Amino acid sequence: MDSGAQAPLTRGPGHPGAAERGRARRGTPGRRIRKDWSCSLIVASLVGAFGSSFLYGYNLSVVNAPTPYIKSFYNESWERRHGHPIDQDTLTLLWSVTVSIFAIGGLVGTLMVKLIGKVLGRKYTLLVNNGFAITAALLMACSLQAGAFEMLILGRFVMGVDGGIALSVLPMYLNEISPKEIRGALGQVTAIFICIGVFAGQLLGLPELLGKESTWPYLFGVIAVPALVQLVSLPFLPESPRYLLFEKHDQAGAEKAFRIFLGKEDVSREVEEVLTESRAQRNIRLASVLELLRSPWVRWQVITVVVTMACYQLCGLNAIWFYTNSIFGKAGIPPEKIPYITLSTGGIETLAAIFSGLVIERLGRRPLLMGGFGLMAVFFGILTATLTLQDHAPWIPYLSIVCILAVIASFCSGPGGIPFILTGEFFQQPQRPAAFIIAGAVNWLSNFAVGLLFPFVQKSLGTYCFLVFAVICLTGAIYFYFVLPETKNRTHAEISQAFAKRNKVSPPEENTDSAVSDNKVAQKPEQDSTFTPNNYVKNGIV
């Protein structure tokens, strides 16, 4: 990064804060990290993730254990209404709708984010979102008692809406409240709680707990607990200071929020950094999705987010769960023990996500993302071979189990959480809501496509279907090697500069000097509120 290019956006070397920052960087890393992690920051991340991404992960796995009981409930309800048992094709269709409608709800929730977020802000959007979770929990938990399977399906849709909003707003909130030195580690909390949610769904689904015919509705009623915890805890924490400064123009409120989140009185450096960005984008309204897609100076950021989110869902991790039980059975594990062994996959997910959170600020986003997808491609190739040859030797199924665990660990150590972090880091404040809508739409559409198409791919290719996922993972790793810049410890302006060469258009704030003298710019005052380069130029003088 050319230091001259950053001069307008940072304090000069003569500024008294520059020497202090230099000493801070040269100081003890451990002491610096502990100083960045304030109590309020930790509480905000834990409470926010527990009521948001935890529920997303929980709902991914919670439907697996009670599947036979839910299908039996569908059959009984159908027979009571129509006087005859449900036919197998209709039952399969109803079950497919029950599982996949979660993704449709997620897409709807994602599309609602910009409208709700603009009015309510980050914190209050998360609070209102708990209403969807509690409503969904009541619908699904009471469906058996009411004898209406439609309530379960509707509850899954409403829960998807909750997940779509949560996976867009939570990463945005965490990105905006964290110092750039720990932005990646704090953002990884989203992925860690997704993994913990998956593990909790597997654990509570055991027959000894709630995975019985008489208690399966309570598996869905549990969803209300994290939502209620967030509902009573989050109001005591501040709104995002960047949101307060940019969109509410409340500098006093933003300074107070910074002091609480950073745990220090002097927040002038942080406020100045945000104000600098704010002055560069004064009078710019929030960008729409269409405007963001058309903007040349964020073209490669948008492409990278789309590729990252597509790889996140299409990398084949969902396909792993399809083979887990059969592979464990081939390895000689008794069927009644398989649910307990499956818990190991949830444990591996959680440990790998925690590992990623611990090392992301040391290694950076780029190596973890490339390494994760690269290792997944390797292990998918080995898994294809072991599944094809598993009848040739008694030890081969055990190698398949190792490959499954390795694929899960590779995914959660980087690709499982970094896509949400990158979406928040790539874009400036007016662009961020639209960017999360694009990322969320790709995420949920890819999720739906995998659920819809994977059975046909598996039926056509058998165990060779994993080669398709190996190619996707390898393609993603190669793309990130050539395109993705490292974003660790960089400001949003610096990340925009890193993409400028590939976009072949300099970030608007870099062109202020040359463009301000352009008379054509001065002759178009009516464009002040639009998302155009000229508007950036006119209002971006620092």
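The values are calculated or read from the model by the stated rules, or taken from the named source; none is laboratory data. Source: prediction; values computed, not measured. Neighbour counts run over all protein chains shown; Cβ positions are idealised from the backbone, glycine included. Ligands, DNA and RNA are excluded from the accessible area calculation, which covers all protein heavy atoms including side chains. Shrake-Rupley method; radii C 1.70, N 1.55, O 1.52, S 1.80 Å.
Within region 476-506, being over 19 Å from Ser295 (Cα atoms) and without any contact (Cβ under 8 Å) to a residue 40 or more places away in the chain holds for Ile478, Phe482. Can you say whether Leu461 is farther than 27 Å from Arg183 by Cα and in a helix (DSSP H, G or I), as far as the supplied structure shows? Yes; evaluated as a whole, the condition is true for this residue.
As for region 388-398, it holds at least one residue that is part of a helix (DSSP H, G or I), modelled with pLDDT under 85 and either among the aliphatic types (A, V, I, L, M) or out of contact with any helix residue (DSSP H, G or I) (no Cβ under 6 Å at 6 or more places or on another chain) (or both).
Of the residues making up region 362-393, those that are touching a residue at least 24 places away in the same chain (Cβ under 8 Å), aliphatic (A, V, I, L, M), over 19 Å from Ile421 (Cβ atoms) and open to solvent by less than 50 Å² (accessible area, probe 1.4 Å) are Ala377, Leu383, Leu387. Scanning region 72-90 for residues that are assigned to a helix (DSSP H, G or I) and in contact with a Phe, Trp or Tyr (Cβ under 6 Å, 6 or more places away or on another chain) yields Tyr74, Ser77. Among the candidates Leu203, Leu170, Leu219, Leu186, the residue that is open to solvent by less than 10 Å² (accessible area, probe 1.4 Å), in a helix (DSSP H, G or I) and more than 24 Å from Gly440 (Cβ to Cβ) is uniquely Leu219. Restricted to helices (runs of 4 or more DSSP H) entirely inside region 270-368, those with at least 1 residues that are modelled with pLDDT of 80 or more and under 15 Å from Arg432 (Cα atoms) are 289-294, 299-314. Residues in region 227-276 that are hydroxyl-bearing (Ser, Thr, Tyr) and without any contact (Cβ under 8 Å) to a residue 40 or more places away in the chain: none. Taken across region 436-456, residues that are open to solvent by 20 Å² or more (accessible area, probe 1.4 Å), touching a Lys or Arg at 6+ places or on another chain (Cβ under 8 Å), in a helix (DSSP H, G or I) and over 21 Å from Ile194 (Cβ atoms) do not occur at all.
Residues that are within 21 Å of Ile495 (Cα to Cα) and of a type in the set (Gly, Ala, Ser): does region 418-427 have at least one? Checked region 418-427: at least one residue is within 21 Å of Ile495 (Cα to Cα) and of a type in the set (Gly, Ala, Ser). For region 467-504, what are the residues that are under 11 Å from Cys311 (Cα atoms) and either among the polar types (S, T, N, Q) or outside any helix (DSSP H, G or I) (or both)? The one that is under 11 Å from Cys311 (Cα atoms) and either among the polar types (S, T, N, Q) or outside any helix (DSSP H, G or I) (or both): Thr475.
For every residue, the table says whether it meets (1) closer than 30 Å to Pro339 by Cβ; (2) of a type in the set (Phe, Trp, Tyr); (3) open to solvent by less than 50 Å² (accessible area, probe 1.4 Å); (4) touching a helix residue (DSSP H, G or I) at 6+ places or on another chain (Cβ under 9 Å).
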site: Thr215; (1), (2), (3), (4): yes, no, yes, no
site: Ile223; (1), (2), (3), (4): yes, no, yes, yes
site: Leu228; (1), (2), (3), (4): yes, no, no, yes
site: Ser233; (1), (2), (3), (4): no, no, yes, yes
site: Glu239; (1), (2), (3), (4): no, no, yes, yes
site: Arg242; (1), (2), (3), (4): no, no, yes, yes
site: Lys264; (1), (2), (3), (4): no, no, no, yes
